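The values are calculated or read from the model by the stated rules, or taken from the named source; none is laboratory data. For clarity, every value in this text was computed on a predicted model and none was experimentally measured. In this analysis, Cβ positions are derived from the backbone assuming ideal geometry, glycine residues included, and neighbour counts consider all displayed protein chains.
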Amino acid sequence: MPSKRVTITLPEDLAPRVQELADDAHLALATYVTRVVEYHVLNQEGLTAMEYWESRYGPLTKPELASADEAIEAARARLRPPQQGSAQQ
């Protein structure tokens, strides 16, 4: 995907912590910040979609919420790195 170079400024006390988190994730700072922003944008889009749905059709039922929780957990499981020492599938 094409990228656009932008400059961001972080508070002095936050910048080293963000760099630590990027290092811990074995990512370049720009890649780490991009992933954090993507995560936030997706969450906001999901919340907006939920608000739209509920404004038209009412709140989700408990079974619908349980189904959504299962789908989210399955997606998270696919994104998690394999545990060290576990067999790859």
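Being within 16 Å of THR31 (Cα to Cα) and part of a loop (DSSP other than H, G, I, E, B) is the filter here, so list the residues in region 1-19 that pass it.
Selection gives MET1, PRO2, SER3, LYS4, ARG5, VAL6, THR7, ILE8, THR9, LEU10.
Quick one: count up the residues across region 33-53 that are among the aliphatic types (A, V, I, L, M) and surrounded by 11 or more Cβ atoms within 10 Å (Cβ to Cβ).
First, the residues of region 33-53 that are among the aliphatic types (A, V, I, L, M): 33, 36-37, 41-42, 47, 49-50.
From the residues that got through so far, the ones that are surrounded by 11 or more Cβ atoms within 10 Å (Cβ to Cβ) too are 33, 36-37, 50.
The qualifying residues number 4.
What's the number of the condition SER86 fails, among (1) at pLDDT 95 or above; (2) loosely packed, with under 10 Cβ neighbours inside 10 Å; (3) hydroxyl-bearing (Ser, Thr, Tyr)?
With (1) at pLDDT 95 or above; (2) loosely packed, with under 10 Cβ neighbours inside 10 Å; (3) hydroxyl-bearing (Ser, Thr, Tyr) applied to SER86, the lone miss is (1).
Quick check, is VAL6 under 30 Å from ALA68 (Cα atoms) and not polar (S, T, N, Q)? Step through it out loud before you land on a result.
Numbers: under 30 Å from ALA68 (Cα atoms): no; not polar (S, T, N, Q): yes.
No, not satisfied.
Okay, residues lined up against (1) surrounded by 10 or more Cβ atoms within 10 Å (Cβ to Cβ); (2) of a type in the set (Asp, Glu); (3) on the phi > 0 side of the Ramachandran plot:
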site: ASP23; (1), (2), (3): yes, yes, no
site: LEU27; (1), (2), (3): yes, no, no
site: THR31; (1), (2), (3): yes, no, no
site: SER55; (1), (2), (3): no, no, no
site: LEU60; (1), (2), (3): yes, no, no
